[in-house]
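Below is one structure, written out as structure tokens, with a few remarks after it.
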Amino acid sequence: MSQLERQSCKITSCTDVLSSLMNQILDQLVKERHLAMHNVTILAKEFTELRAANNTRQK
């Protein structure tokens, strides 16, 4: 195997590792976004319920 071929294999290997790492990071970001949106939905529902209870109490 020539030096050029070895270097090409090393570059390809590094590229594959970086690509895999980037995919893992992207997957984690997507999971965190889903969790954040879920929490926002819960908080919005609680806020609506609290506002309704407050309006009822003030009347």
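Here, each number is a calculation from the coordinates, and none is a lab measurement. Everything quoted here is computed from the prediction, not taken from an experiment.
Mean residue ellipticity at 222 nm, helices only, the chain: -36000 deg cm²/dmol; runs of at least 4 DSSP H residues each add -39,500 (n - 2.57), and the sum is divided by the number of residues. A value for Kirkwood radius over Cα pairs in Å was derived from the coordinates, and within the list (1) 13.7; (2) 15.7; (3) 12.2 it appears as (2).
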